[in-house]
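S.K.: What follows is a structure written as C-alpha cells; I'll ask about it next.
The values are calculated or read from the model by the stated rules, or taken from the named source; none is laboratory data. Please read these numbers as outputs of a predicted model, since none were measured by experiment. Using ideal geometry, Cβ is built from the backbone for each residue, glycine included, and neighbour counts are taken over all protein chains shown. Ligands, DNA and RNA are stripped out before the accessible areas are found, and what is left, the full protein with its side chains, is counted by its heavy atoms. Shrake-Rupley method; radii C 1.70, N 1.55, O 1.52, S 1.80 Å.
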Amino acid sequence: MEFFLRAQFLIPLISVLALFPLSESNNNQFCDATNIYGDSGCDVMSSVASKILIKGGTVVNAHHKEVADVYIEDGTIVAVQPNIKVGDDIKVIDATGKFVMPGGIDPHTHLAMEFMGSETIDDFFSGQAAALAGGTTMHIDFVIPVDGSLSAGYEAYVEKAKRSCMDYGFHMAITKWNETVSEEMEIMVKEKGTPLDFISLILGINSFKFFLAYKGSFMVNDELLMEGLKKCKSLGALAMVHAENGDAVFEGQIRMIELGITGPEGHALSRPPVLEGEATARAIRLASFVNTPLYVVHVMSIDAMEEIARARKSAQRVVGEPVVSGLLLNDSVLWDPDFHFAARYVMSPPIRAAGHGTALQAALAAGVLQLVGTDHCTFNSTQKALGIGDFRKIPNGVNGMEERMHLVWETMVASGQISVTDYVRITSTECARIFNIYPRKGAILVGSDADIIILNPNSSFKISSKSHHYRTDTNVYEGWTGKGKVETTIAGGRVVWENDELKVIPGAGKYIEMPPFSYLFDGIDKADAKYLSSLRAPVKRSTT
C-alpha cells in the first residue's frame, strides 16, 4: 500500500516543483489588470527591480513598530534599519507617514472549488490577483478530496494552482474514514521517499478540516471526528472544524420548506446560532478528550464564541477564526425582497442578526479570537439563481480576499478597538505562527520573505463590484468606504500593486510547505504524561 501511495504522488510532485522557480525570462512576463482574466501572452515588461528600498515608513511587526528603512534583494528582506544608503540602480519607494507591514495571510479560502453543483467563479489566478490588490500576499486554500481520496484531491488542486500569482498553502478536508485515508494523511504531512531515490515528497500540509455540517456530502460523524483527531495529534497536524450540527440543520431545512419559507431567509432560519454553538462545544470537548489542539473556522455567532472563550479560559488549545462577513454584516439582507440581492449573502454558517458581529469584534480585540479569515467562496448571480424557489440549492459563499485588509483596518484599528501591531498580528503573524511558517512569513525581519504592504492611514478606499478584481459580478460590501488604504503591495520581492495598477505573473506563486508541530503542540506530551499518572489505574486486585 505504501509503495502504491508513494508512486501515486510522483506526477503531482513534479507539478508542484514546477511552481517554484521561474526562469529569468519569466520574471519579466507580467499581466496588467486589463489582461488579468484572459489568455493573452502576458508579455508586458515589468519595471520592477529585484532590489527595492522602502524608505522612511513606520515598520510594524506584531509586537513592535519603529521608523526604519527596509531593503529587499531577490525576494528576501536583507536589512531593516534607519537611513539605509543605496546606489542609483535601486528602486526607492517613499513610505514617509505610512505603515510598512507584512502582507496579509488569509487562512481560509476556496478557489476553483466544486460545490453544490457549481464551481466557484474565482480561480487561483483571479482570486489571488484580487487579494494582492487588497494587500494579502499569501492564502491557505482547502483541498477537497475526490470521492474521499486525499491523493486524488491533492493532485487536482496542484493542477488548479498552476497559474497562481502569489504564494499559497493547502489545508486538507477529510470527508470519510478508512485505513487508506489514515495512511494518506501521514503522507500529506511527512516527508516520504519515492521509488526514485533522488526524490523526496514533502507535501507540507499540516492541517485537516472536518465538516460537522453538509449532511450527505462533506459531513462526518463523531466516530470519524474522533479518529481524525487522534490521527492529527499523532502527526502534529492541526484539526479544524466547520462547526454546525448537520443533522439538526437538515431537520431545520425540512421545517422551513414545510412552512413555505423557500427564499434566502430560510437559510438563516434553518441553521440558527444554537446549532453552531452545540457543534462548537462538541468538537471542543472531543478535542479535549483526545488532548489535541483545535481550530474552529468561520466563527459566526456569540454562541460559538462563548464556547471558545470557555475552553481557552481553562487553558485548552482552541483557536477561533472569525471571518470578515461575520464581523461586519448582519442578516437583515437575507430578508430583502429582491432574491438576487439576498442570495448573494448566503453562506454557512449564515450571517447572523445584528449584535453578533460587534460581540465577535470585541472578542477579537480581547484575544478570545485569534485571527481573521474570509471564507472567500464566490459565485456569480447566475450560479446563485440556482436556488430560486429552494434556498437549499443556493451555492453558499461570499467574497472577501480583496476587502479583508481594508475592512479590518477600518473596523478594528480606525475605530480604536485594536492597535496597529495587533492588526499585523490578526491579519498575518498569528496565521504564520499557527501554521508554522513564521518568521519566513508574517514578519518584516532580516531573512523573511519580501511580502510587504504599504498602508496609508489617511487615504480612502471605496468598494465596488465595478472596480474589484474578482470575476464575480456582485460584492457583498458594495459601497463600503473607509480610511486606510493599501497603496503598495510587494509579493516575493516584486511590486505587484502600485498607483492603483495591478501587475501579476501567472505561475509566479510558490507553494509554501507548512511543517507539523507548530507552537500549539508544545507541552502536549507532558500533559498526556500528567493525565496518565493521575489515573491511579489499573488497580491490582486479587482474583481469589
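S.K.: Go through the stretch 495-507 and count every residue that is within 22 Å of the chain's Cα centre (by Cα) and buried (at least 23 other Cβ atoms within 10 Å of the Cβ).
M.R.: 4
S.K.: State the number of residues belonging to the stretch 162-181 that are of a type outside the set (Gly, Ala, Ser), within 15 Å of the chain's Cα centre (by Cα) and either more than 23 Å from Asp375 (Cβ to Cβ) or not in a loop (DSSP other than H, G, I, E, B) (or both).
M.R.: Summing the residues that are of a type outside the set (Gly, Ala, Ser), within 15 Å of the chain's Cα centre (by Cα) and either more than 23 Å from Asp375 (Cβ to Cβ) or not in a loop (DSSP other than H, G, I, E, B) (or both) in the stretch 162-181 gives 5.
S.K.: Look at the stretch 75-107 and say how many of its residues are closer than 25 Å to His139 by Cα and modelled with pLDDT under 95.
M.R.: 0
S.K.: Just wondering, is there one or more residues in the stretch 520-541 that are open to solvent by less than 60 Å² (accessible area, probe 1.4 Å), of a type outside the set (Phe, Trp, Tyr), assigned to a strand (DSSP E or B) and farther than 18 Å from Ala129 by Cα?
M.R.: No, the stretch 520-541 contains no residue that is open to solvent by less than 60 Å² (accessible area, probe 1.4 Å), of a type outside the set (Phe, Trp, Tyr), assigned to a strand (DSSP E or B) and farther than 18 Å from Ala129 by Cα.
S.K.: Outside any strand (DSSP E or B), at pLDDT 95 or above and closer than 24 Å to Thr474 by Cβ - does that describe any residue in the stretch 150-160?
M.R.: Yes, the stretch 150-160 contains at least one residue that is outside any strand (DSSP E or B), at pLDDT 95 or above and closer than 24 Å to Thr474 by Cβ.
S.K.: Filtering the stretch 398-418 down to residues that are assigned to a loop (DSSP other than H, G, I, E, B) and in contact with a helix residue (DSSP H, G or I) (Cβ under 9 Å, 6 or more places away or on another chain), which residue is farthest from Ser217 (Cα to Cα)? I'd like the intermediate steps shown before the answer.
M.R.: Taking the stretch 398-418 first, the residues assigned to a loop (DSSP other than H, G, I, E, B) are 399-403, 414-418.
Still in the list and also in contact with a helix residue (DSSP H, G or I) (Cβ under 9 Å, 6 or more places away or on another chain): 399-403, 415, 417-418.
Details: Asn399: 23, Gly400: 25, Met401: 26, Glu402: 29, Glu403: 30, Ser415: 41, Gln417: 40, Ile418: 39 Å.
Going through the qualifying residues, I end up with Ser415.
S.K.: Residue check: is Thr358 of a type in the set (Val, Ile, Thr), open to solvent by less than 20 Å² (accessible area, probe 1.4 Å) and modelled with pLDDT of 95 or more?
M.R.: Answer is no for this residue.
S.K.: Report, ordered by the first and then the second residue, all pairs with beta carbons closer than 8 Å, sequence separation of six or more or different chains, a first member in the stretch 221-237 that is without any contact (Cβ under 8 Å) to a residue 60 or more places away in the chain, and a second member that is hydroxyl-bearing (Ser, Thr, Tyr) and assigned to a helix (DSSP H, G or I).
M.R.: Close Cβ pairs (under 8 Å, with a partner that is hydroxyl-bearing (Ser, Thr, Tyr) and assigned to a helix (DSSP H, G or I)) amount to Glu227/Ser182; Lys231/Ser182.
S.K.: If you don't mind, another one. With the requirement that a residue be within 13 Å of the chain's Cα centre (by Cα) and not in a loop (DSSP other than H, G, I, E, B), what does the stretch 430-448 give you?
M.R.: Glu430, Cys431, Ala432, Ile434
S.K.: A follow-up question, please. Kindly evaluate Gly373 against the criterion of being open to solvent by less than 10 Å² (accessible area, probe 1.4 Å), within 26 Å of Arg344 (Cα to Cα) and modelled with pLDDT of 95 or more.
M.R.: It is true that Gly373 is open to solvent by less than 10 Å² (accessible area, probe 1.4 Å), within 26 Å of Arg344 (Cα to Cα) and modelled with pLDDT of 95 or more.
S.K.: Scan the stretch 165-183 for residues that are out of contact with any strand residue (DSSP E or B) (no Cβ under 8 Å at 6 or more places or on another chain) and buried (at least 24 other Cβ atoms within 10 Å of the Cβ) and report the count.
M.R.: 0
S.K.: Here's another thing I want to ask about it. Leu386 fails exactly one of the following numbered conditions: (1) open to solvent by 40 Å² or more (accessible area, probe 1.4 Å); (2) touching a residue at least 40 places away in the same chain (Cβ under 8 Å); (3) closer than 28 Å to Thr262 by Cβ; (4) not in a helix (DSSP H, G or I). What is the number of that condition?
M.R.: (4)
S.K.: Of everything in the stretch 47-76, what is of a type in the set (A, V, I, L, M), within 29 Å of the chain's Cα centre (by Cα) and open to solvent by 30 Å² or more (accessible area, probe 1.4 Å)? Give them in sequence order.
M.R.: The one that is of a type in the set (A, V, I, L, M), within 29 Å of the chain's Cα centre (by Cα) and open to solvent by 30 Å² or more (accessible area, probe 1.4 Å): Val48.
S.K.: Of the conditions (1) under 26 Å from the mean Cα position of the chain (by Cα); (2) surrounded by fewer than 18 Cβ atoms within 10 Å (Cβ to Cβ), His267 fails just one. Which one is it?
M.R.: (2)
S.K.: For the stretch 449-474, enumerate the residues that are in contact (Cβ under 8 Å) with a residue 60 or more places away in the chain, over 20 Å from the mean Cα position of the chain (by Cα) and under 19 Å from Val59 (Cβ atoms).
M.R.: Our first condition is that a residue be in contact (Cβ under 8 Å) with a residue 60 or more places away in the chain; within the stretch 449-474, this holds for 449-458, 463, 468-474.
Subset that is over 20 Å from the mean Cα position of the chain (by Cα): 454-458, 463, 473-474.
Ile454, Leu455, Asn456, Pro457, Asn458, listed by residue number.
S.K.: Which residue out of Ala62, Ala68, Ala79, Ala95 is closer than 22 Å to Val372 by Cα and of a type in the set (Gly, Ala, Ser)?
M.R.: Ala62
S.K.: While we're on this one: Which of (1) more than 30 Å from Leu259 (Cα to Cα); (2) touching a residue at least 12 places away in the same chain (Cβ under 8 Å) does Ser419 not meet, given it meets every other one?
M.R.: Going through the list (1) more than 30 Å from Leu259 (Cα to Cα); (2) touching a residue at least 12 places away in the same chain (Cβ under 8 Å), Ser419 breaks only (2).
S.K.: Another one. Among the listed residues Val297, Val290, Val318, which satisfies the condition of being β-branched (Val, Ile, Thr), closer than 30 Å to Ala529 by Cα and open to solvent by 10 Å² or more (accessible area, probe 1.4 Å)?
M.R.: Val290
S.K.: Those residues that are touching an Asp or Glu at 6+ places or on another chain (Cβ under 8 Å) and more than 21 Å from Val496 (Cβ to Cβ), I need them from the stretch 392-409; list them, please.
M.R.: Gly397, Val398
S.K.: Give the number of residues within the stretch 218-253 that are over 30 Å from Ser518 (Cβ atoms) and not in a helix (DSSP H, G or I). Steps first, please.
M.R.: As a first pass, look at the stretch 218-253 and keep what is over 30 Å from Ser518 (Cβ atoms): 247-253.
Narrowing the set further to residues that are not in a helix (DSSP H, G or I) leaves none.
Counting residues in the stretch 218-253 that are over 30 Å from Ser518 (Cβ atoms) and not in a helix (DSSP H, G or I) gives 0.
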